[in-house]
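Written below as structure tokens is the structure these notes are about.
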Amino acid sequence: MTDTSSPPGDRPAHPVSRRILAIWCRQLAIDRWRLTEGLAKGEGADAVPLALISETARGIRITTANAAGLEAGARPGMMLADARTLCPTLAVAPSDPAGDLAFLERLALWAQRWGPWSALDPPDGLIVDITGTAHLFGGEGPMIADAREMLERRRLAARLAIAPTAGAAWALAHYGRNGTILEAESDIPEHLAELPVAALRLDEEVLLVLRRLGLKRIGDLRSMDRKALARRFRDYRAPAANPLVRMDQLLGRVPEPLLPVQPVETPLVQRRLMEPIRHRNLLDRVVSDLAEDMARMLEGRGEGARRLELGMWKVDGDVAVRRLELAASSRDPAHIARLFAARLDDVDAGFGIELVRLRSPWAEPLALAQSDLDAAQEAHGTSLASCIDRLSVRLGADAVRRPVPHASHVPERAQRWESLTSAVDTSVPTLRHRPTSCREAGQERPLKLLDRPEPIAVLYATPDGLPRRFRWRGQVHEIARAEGPERIAPEWWRERSTARLRDYYRIEDGQGRRYWIYRNGIAGDGRGGAPEWFLQGLCG
């Protein structure tokens, strides 16, 4: 724990010659969306107001907006309904924070052209250590000009700065003049004194406290008594919550740990053929050999492939690519070769294939001792992972899906469908036996839900009483037992104010058949006419 009651020694934690390049992609999410849509700057992306949105517990909020959207009044964190009030023509698109982070990671690796290592500054920044590399570009001025030009070529709006510490470079990139180069640590107090205290990378709660104390600029903090500030923030331990720690990091008095981004080597094997091949049996043999090579490479890394790409370079320069996504990580060469065999029927070799390359862009840890898929098939029938892979290859990945839980208490919204190749539990070779009734399952929900709730006619004693008889699909069912109600309120943050609550009942007719029905609304709720009844599930 850092002692903030007195300043550290005069000896800096890092050499004076250390140089840091800070890159702030101030519209990273918008720029990435523009690249995904294939739009250049000014080609429709900035002509109309646009906002990227995300769904929160209290409704849909704006994550970020383009220049036209900001000018129209849309602000990050604003409710979409409020933004639409200010700008009815506001266009929206879903945000993708995970995709933005993956893009930033790739950008960090690309930025290592200017220095030996780089680090992420989420959600939209990079830190690059350029110590001892500026002379390769003719100096720091030409280096920062090269960085600006290269980022513009990638259609990314960025602000840059170079300083002796990461904190100073970050502050100048965000709040200083674009392209600022700070030579020495002794220049930091003078050049950063007029910057706002937000340049110290503090939490919003701490910034609010500082503003209430009248400390709005970094120079104001330096004029304050250090012991008084230490007493005021003695309970704040994290660097982002303690202005004294941030000040010391800014001036280079204490070290600031940064986590470099390291490239991950993609497993790749290939065959350069002495003579081009045109026949299918020869291609199958090459693919089988590559699968063996890939299995040995993955075994040495302790991994299994989840995604595989097979590239075939032809004599005329054309390239044919076939891709596979596996339901579970695997390095079984026979299984991989069998799956690719179903994807090679439409390959036109032309004048011949001279290079075949197999790579695994997505691999996961896999124990060294892996059960043989064919042995599992003989012992238990077709294994789940093998069955999924074969169905996906034959029908397409989008045609084979599975239900996954979704955060909603409304039954028809409590699950969604996703590709089976995303994540599957393959710990058992066959599907588990499912209970045949609600009570055997130990749960309150039925085993089967109808695609759409079907209306039924119900006879009941009082408007809020238990149902006595109901008609469904032309048949009348006498209710022998009933349990309920279980009341489910509408999701007010997703539905209109006229949505009605539901009262669910578990009922059993005279033949022992069990159903799950609900009454939509209650009498006198002011949200429609008389309550309606629906049958939504069967208990088996």
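This table checks each residue for (1) assigned by TED's automatic domain parsing to the domain that holds ASP389; (2) crowded, with 19+ Cβ neighbours inside 10 Å; (3) more than 30 Å from ILE188 (Cα to Cα); (4) touching a residue at least 12 places away in the same chain (Cβ under 8 Å).
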residue	(1), (2), (3), (4)
MET247	no, yes, no, yes
ARG280	yes, no, yes, yes
MET294	yes, yes, yes, yes
GLY304	yes, yes, yes, yes
GLU309	yes, no, yes, yes
PHE340	yes, yes, yes, yes
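Hey, can you tell me all the residues within segment 409-466 that are modelled with pLDDT under 60 and farther than 28 Å from ARG306 by Cβ?
So in segment 409-466, the residues modelled with pLDDT under 60 come out as 421-443.
Selection gives HIS433, PRO435, THR436, SER437, CYS438, ARG439, GLU440, ALA441, GLY442, GLN443.
Close contacts from segment 34-48, counting a first residue that is farther than 16 Å from GLY99 by Cβ and part of a loop (DSSP other than H, G, I, E, B) and a second that is small (Gly, Ala, Ser) and at pLDDT below 65, with Cβ to Cβ under 7 Å and a gap of 6+ residues or different chains, come to LEU39/ALA45.
Which ones in segment 292-305 are in contact with a Lys or Arg (Cβ under 9 Å, 6 or more places away or on another chain), under 14 Å from LEU268 (Cβ atoms) and in a helix (DSSP H, G or I)?
Result: ASP293, MET294, ALA295, ARG296, MET297, LEU298.
Do you know which of the residues in segment 222-248 that are not in a helix (DSSP H, G or I) and not polar (S, T, N, Q) is farthest from the chain's Cα centre (by Cα)?
If we filter segment 222-248 for residues that are not in a helix (DSSP H, G or I), which is where we start, we get 224-225, 233-238, 242.
Of the ones still in play, those that are also not polar (S, T, N, Q) are 224-225, 233-238.
Details: MET224: 43, ASP225: 44, PHE233: 35, ARG234: 36, ASP235: 34, TYR236: 31, ARG237: 30, ALA238: 26 Å.
Only one residue fits best here, namely ASP225.
Residues of segment 493-517 that are over 16 Å from HIS477 (Cβ atoms) and either of a type in the set (Lys, Arg) or in contact with a Gly (Cβ under 9 Å, 6 or more places away or on another chain) (or both): TRP493, ARG494, ARG496, THR498, ARG500, LEU501, ARG502, ASP503, TYR504.
Yes/no matrix, rows are residues, columns are (1) closer than 21 Å to LEU447 by Cβ; (2) assigned to a loop (DSSP other than H, G, I, E, B); (3) in contact with a helix residue (DSSP H, G or I) (Cβ under 6 Å, 6 or more places away or on another chain); (4) charged (D, E, K, R):
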position	(1), (2), (3), (4)
ARG471	no, no, no, yes
ALA480	yes, no, no, no
TRP492	no, yes, no, no
SER497	no, yes, no, no
GLU508	yes, no, no, yes
ILE517	yes, no, no, no
GLY524	no, yes, no, no
PHE534	yes, no, no, no
GLY537	yes, no, no, no
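Could you please find all residues in segment 486-522 being modelled with pLDDT of 85 or more and exposed (fewer than 12 other Cβ atoms within 10 Å of the Cβ)? Listed by number, the residues that qualify are ALA489, GLY510, GLN511, GLY512. Of the residues that sit in segment 130-164 and are without any contact (Cβ under 8 Å) to a residue 60 or more places away in the chain and touching a strand residue (DSSP E or B) at 6+ places or on another chain (Cβ under 8 Å), which one is farthest from GLU183 (Cα to Cα)? So, considering only residues that are without any contact (Cβ under 8 Å) to a residue 60 or more places away in the chain and touching a strand residue (DSSP E or B) at 6+ places or on another chain (Cβ under 8 Å), the one farthest from GLU183 (Cα to Cα) is ARG148.
The values are calculated or read from the model by the stated rules, or taken from the named source; none is laboratory data. Not measured: the values here are computed from a predicted model. Methodologically, a virtual Cβ is constructed for each residue, glycine included, from the backbone with ideal geometry; neighbour enumeration extends over all protein chains shown.
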